[in-house]
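Only one structure is covered here, and it is reproduced in the block below.
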């Protein structure tokens, strides 16, 4: 994240990829075979996708696949 007014750059990831911490969390879930967390994350993802799809349609953005 940068602040253009001051020219300061803030890097809370210490020059690592911006999704570094998420990659670590996924790696841990996989290695520990944490299926409970996997299920919870899948449910959250599905809810999020449904909300985004509904918002898109209400905004009038319709894809050809919507009519199938």
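Against the condition without any contact (Cβ under 8 Å) to a residue 40 or more places away in the chain, surrounded by fewer than 10 Cβ atoms within 10 Å (Cβ to Cβ) and in contact with a helix residue (DSSP H, G or I) (Cβ under 8 Å, 6 or more places away or on another chain), how does residue 31 come out, does it pass?
It is false that residue 31 is without any contact (Cβ under 8 Å) to a residue 40 or more places away in the chain, surrounded by fewer than 10 Cβ atoms within 10 Å (Cβ to Cβ) and in contact with a helix residue (DSSP H, G or I) (Cβ under 8 Å, 6 or more places away or on another chain).
Has the range 18-25 got at least one residue that is touching a helix residue (DSSP H, G or I) at 6+ places or on another chain (Cβ under 8 Å), surrounded by 10 or more Cβ atoms within 10 Å (Cβ to Cβ) and either modelled with pLDDT under 90 or assigned to a loop (DSSP other than H, G, I, E, B) (or both)?
No.
Any residue in the range 3-12 that is within 21 Å of the chain's Cα centre (by Cα), surrounded by 10 or more Cβ atoms within 10 Å (Cβ to Cβ) and outside any loop (DSSP other than H, G, I, E, B)?
No, there is no match, as no residue in the range 3-12 is within 21 Å of the chain's Cα centre (by Cα), surrounded by 10 or more Cβ atoms within 10 Å (Cβ to Cβ) and outside any loop (DSSP other than H, G, I, E, B).
The values are calculated or read from the model by the stated rules, or taken from the named source; none is laboratory data. This one's a predicted model, so the numbers in the text were calculated from it and none came from an experiment. Don't worry about glycine lacking a Cβ; one is built from the backbone with ideal geometry, like all the others, and counts go over all protein chains shown.
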